[in-house]
Amino acid sequence: MNISRIWTNAETRRLRTILTVLVKYGFQDVVGFLRLEPLVSLGRKLSKSSVPQSLSRPVRLRMALEELGPAAIKLGQILSSRADLFPPEFLTEFQKLQDSLPPVPPEDVEKAVEEALERPIDSVFAEFDRHPVAQASIAQVHRARLHSGEIVAVKIRRPGILDAVEPDLRILGFLSDLVERNIEDMKVFRPRALARQYIRTLRKELDFTHEARNMERARKNFRKEPSISIPKFYSEWSSETLLVMEYLDGVSIRETGSFDKLGTTSPEVARLGARSILLQVFVHGFFQGDPHPGNILVLPERRIGILDFGMFGSLSPDRRDLLGDLLVSLVEKDIPFMIRTLERLRALPEDFREDDLSADISAFLEEFTNRPLREIRLDHMSVELFDLVRTHRLSLPPDLSLLFRALVIMEGIGRTLDPAFNMIEESRPFVHKLIRRRFEPETIFRNMRSGAFVFLRTLTHLPAEIEKLVTRVRDGRIRVDFNLRHLEDLIAEMDRTGNRLSISILVGSLVIGSALIFASPNGPKFFGLSTIGLMGFFVAGFLGFGLIIAILRSRRF
C-alpha cells in the first residue's frame, strides 16, 4: 500500500509506530484485517507480541492507547461513553485512562502565556504561580491574581500539542475508512462517523474559545440556581490557547472529611450533584458529558462548583421530544411505540428482526419496571440496556450515549457519598415533568403549528413537483434503480458454486472417460497401460485435489 503520495514522511512514520504498538500488544489480527502488515517494522514482525497474552484484550487495548499518547488517550476516554458499542469490560478499562504527561517547564509556561496574551505576563497578572494546580494531556491550570485583586485560574494549552495531535487525527480518519471497508461486522457501528465525531470533539477541546462559550451558556442556565456555581471567564484575556476564569475555592468532592467545615454533609452533596446533572439534561438540554469527581468542587454555603467545559453534550428540542417519547413508551410498556421512536432516531439497522427485538424489550421491561424504584440501580439497568443495544446492533445517537454515561457516573459518585442514594428516585420528578410537558396544550399547539407549516409548504410546492415529474416522464428521463442488499455477494457465491459444479462434472467425465479408454484394447500403450487414460486420471486427480482445497478453505461443506 503506497501512501507516500498523500502523506508526509512524519505521518507515515507515525502510522508505522501505531501499527507496531498494536502488534506489540497482541492486535496482529486487527492489522491483518486492515491489510497493513507491510508497514509494521521488521523487528516487531519477528518478535510479535511482547505483552503477556494472559492479560485480557480490554487491558491490552488500554495499555496500547496509553503508550500511543494524548490523542489515543482522549479517544479511549471518549469511547468510554459508548456503551452501545463496547461491552462493560472495555468501558471499565477506558475509564482508567489517565493523562500522565509531565508538567510543562515553568519557562515554557511563561512563554506560552505571553504568546497567547501578546504582551508581558506581568502586565496582566500581579501574581502567577508557574507550577500547575492541575494538569492533563491537552492543558494545565495555574493559579494567578489580576491587578484588580481577583484570583483567577489560567488554563493554558500545552505548547506543540496541536502539531502532535493533528497527524493522529488524519491517521484515525484513514484507519476508520479501512475498518469500514475491510471488516464486515464493524460496518453497522459506522466507524467513519464515529471517527468524525471524535475528531470534532477533540478539535473543540483544543480550542478554548469553544470551552468559553460552553461556560458562558452554562452560567446563564444556572443563573437562578444559588446552589450551583459556574465560574465566569474573562474574555479580554482569553483566546484559542488561553482561558482565564474565576478561581473557585473549594474542596474536591472526594474529600468527604472536609464537608463539615463547609457546613454540608455527604448525602446533601450527592443530591446537589444529581440535581445539577438532571437540570442540565431535562431542563437545559445542555449537559456535562464527563462529570467525574475531578470536575466537581464542594463550596461553602451548601454549594457545588462545576469545572471543565470542554466535553459538553447538547439535546435539541426535537431530541428531547424523542427522549420524552421513549420515556412514555417505557412507562406505558408500549413496545410498538418504542420501536417506532427508535426508528425515528434512526437507531435500527435495516435488517432488524422486530419480533426478536420486541421479545427482548419485553423481558427488559419485566425485569426493571415491576420493582420498586429504590431497588433499581441505574448502572445495572444501563448494563442490561446496552447489552440489548449491542445484541440487536442498534445505533444510538452519540448525544444519548453521552447522556447515559453522565447519569451513570453521577450515580456512582452519589453512591460513594451516600450508600442510600438512588439516581432513578432523584430523576423521577424531572422525568414526570418532561412527560407532562409533552401533553401540555402549548406543546400540542406548537407541534400542530409546525406540522401545518410543513404540510402547507409541501402543498405549495406540489404543482411544481408534479410538473417536473411529468416533464421527466415525457422526456424519458425517469429511471428506476433496484438496489438489492447483498446482491453482489449472492452473485459471487453463485459464480463460485457454478465453477465448482463445472469442475466436479469435468472431473467425473475425465474419470469415466479414462476408465473407458483403459478398457479399450486399442490406442497407444505405456508399460502396458493406456497413455491417454493415464493422462485423464492425472488431470482429474489434479482438478479434484484443487477443488477439495478450495472447499476446505471456504469452510462451507
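Kirkwood Rh, segment 203-324, all Cα pairs: how many Å?
Numbers: mean 1/r = 0.0660 Å⁻¹.
By the Kirkwood definition, the hydrodynamic radius is 15.2 Å.
Taking a label point 7 Å from the Cα of Arg319 along the Cα→Cβ vector, which residues of segment 394-420 have an amide N closer than 20 Å to it?
394-411
Give me the Kirkwood hydrodynamic radius of segment 56-163 in Å, from all C-alpha pairs, to one decimal place? Spell out each step's value before the answer.
Values: mean 1/r = 0.0635 Å⁻¹.
That comes to 15.8 Å for segment 56-163.
In what sequence, largest accessible area first, do Lys261, Lys333, Lys24 appear using a 1.4 Å probe?
Values: Lys261 180, Lys333 85, Lys24 50 Å².
I get Lys261, Lys333, Lys24, largest accessible area first.
Might you work out the accessible area of Thr265 for me, using a 1.4 Å probe with all protein chains in place, and round it to the nearest 10 Å²?
Answer for Thr265: close to 70 Å² accessible.
Give me the 1.4 Å probe accessible area per residue for segment 87-130, excluding ligands and nucleic acids, in Å². Before the final figure, lay out the partial values.
Details: 2580 Å² over 44 residues.
Using a 1.4 Å probe on heavy atoms only, each residue of segment 87-130 averages 59 Å².
Run a plain Debye calculation on segment 259-365 (Cα atoms as equal point scatterers, no solvent) and give log10 I(q)/I(0) at q = 0.11, 0.14, 0.17, 0.23 Å⁻¹, rounded to two decimals, same order as the q list.
Cα-only, vacuum Debye calculation for segment 259-365: -0.54, -0.74, -0.89, -1.15.
Can you pull a Stokes-Einstein diffusion coefficient for segment 158-263 at 20 °C (1.002 mPa s), Rh from Kirkwood over Cα pairs, as a whole number of µm²/s? All intermediate terms of the calculation are to be shown ahead of the outcome.
Values: Rh = 17.4 Å.
The estimated diffusion coefficient comes to 123 µm²/s.
Can you give the translational diffusion coefficient of segment 164-223 in µm²/s, computed by Stokes-Einstein from the Kirkwood radius over Cα pairs at 10 °C and 1.306 mPa s?
Working: Rh = 13.4 Å.
The calculation lands on 119 µm²/s.
If you rank Asp318, Asp168 by how much accessible surface each has, with a 1.4 Å probe, what is the order from largest down?
Details: Asp318 115, Asp168 20 Å².
Accessible-area ranking of Asp318, Asp168, largest first: Asp318, Asp168.
Along Cα→Cβ, 7 Å out, is where each label goes; now give me the distance between the ones at Ser258 and Thr12 in nm to one decimal.
In this crude label model, Ser258 to Thr12 measures out at 5.3 nm.
Please state the shape class of segment 114-186: rounded when a/c is under 1.5, otherwise prolate if a/b exceeds b/c and oblate if not, all from the C-alpha gyration tensor. Please list the in-between numbers first.
Values: a/c = 4.98, a/b = 3.23, b/c = 1.54.
Prolate, because a/c is 1.5 or more and a/b exceeds b/c.
Between Ser509 and Glu216, what is 0.36 nm times their sequence separation minus the Cα-Cα distance? Round to one decimal in nm. Working shown, then result.
Working: separation 293, 0.36 × 293 = 105.48 nm, distance 8.26 nm.
Residue separation times 0.36 nm, minus the Cα-Cα distance, leaves 97.2 nm.
Send over a whole-number figure in Å² for the accessible area per residue of segment 380-474, probe 1.4 Å.
Numbers: 5860 Å² over 95 residues.
So segment 380-474 comes to 62 Å² accessible per residue, rounded to a whole number.
Ordering Thr12, Thr341 from largest to smallest accessible area (1.4 angstrom probe), what's the sequence?
Working: Thr12 25, Thr341 0 Å².
I get Thr12, Thr341, largest accessible area first.
Using protein chains only and a probe of 1.4 angstrom, how many square angstrom of Glu225 are accessible, to the nearest 10?
About 40 Å², ignoring ligands and nucleic acids.
Once phi is turned into θ = phi - 60°, what whole-Hz ³J(HN,Hα) does the Karplus curve with 6.51, -1.76 and 1.60 give for every residue of segment 423-432, x standing for Gly and Pro?
Each residue's phi maps through the Karplus curve to give 5, 5, 4, 5, 7, 3, x, 5, 5, 4 Hz.
Using C-alpha positions alone, give me the convex hull volume of segment 376-421 per residue in cubic angstrom.
Details: hull volume 2.6 nm³, N = 46.
In segment 376-421, the Cα convex hull volume per residue is 56 Å³.
So what is the accessible area of segment 188-302 per residue, in Å², with the probe set to 1.4 Å? Provide the component values of the computation, followed by the final result.
Working: 5190 Å² over 115 residues.
On a per-residue basis, segment 188-302 sits at 45 Å².
For segment 170-320, which whole-number percentage of the solvent-accessible area (1.4 Å probe, protein heavy atoms only) is attributable to carbon and sulfur atoms?
On the way: 3300 of 6850 Å².
Summing carbon and sulfur atoms, their accessible area is 48 percent of the total for segment 170-320.
Can you pull out the GluC sites (Glu not before Pro) in segment 156-241 whose DSSP state is coil and whose Cβ has at most 16 other Cβ atoms within 10 Å? It would help to have the intermediate numbers written out before the result.
Numbers: sites: Glu180, Glu184, Glu205, Glu211, Glu216, Glu236, Glu240; in loops: Glu240.
Within segment 156-241, the qualifying GluC sites (Glu not before Pro) (loop, at most 16 other Cβ atoms within 10 Å) are Glu240.
The values are calculated or read from the model by the stated rules, or taken from the named source; none is laboratory data. Everything numeric in this text was worked out from a predicted model, so none of it was measured. Positions of Cβ are generated from backbone atoms using ideal geometry, with glycine treated the same way; all protein chains shown enter the neighbour counts. Surface areas here come from the heavy atoms of the whole protein model, side chains and all, with no ligands, DNA or RNA. Shrake-Rupley method; radii C 1.70, N 1.55, O 1.52, S 1.80 Å.
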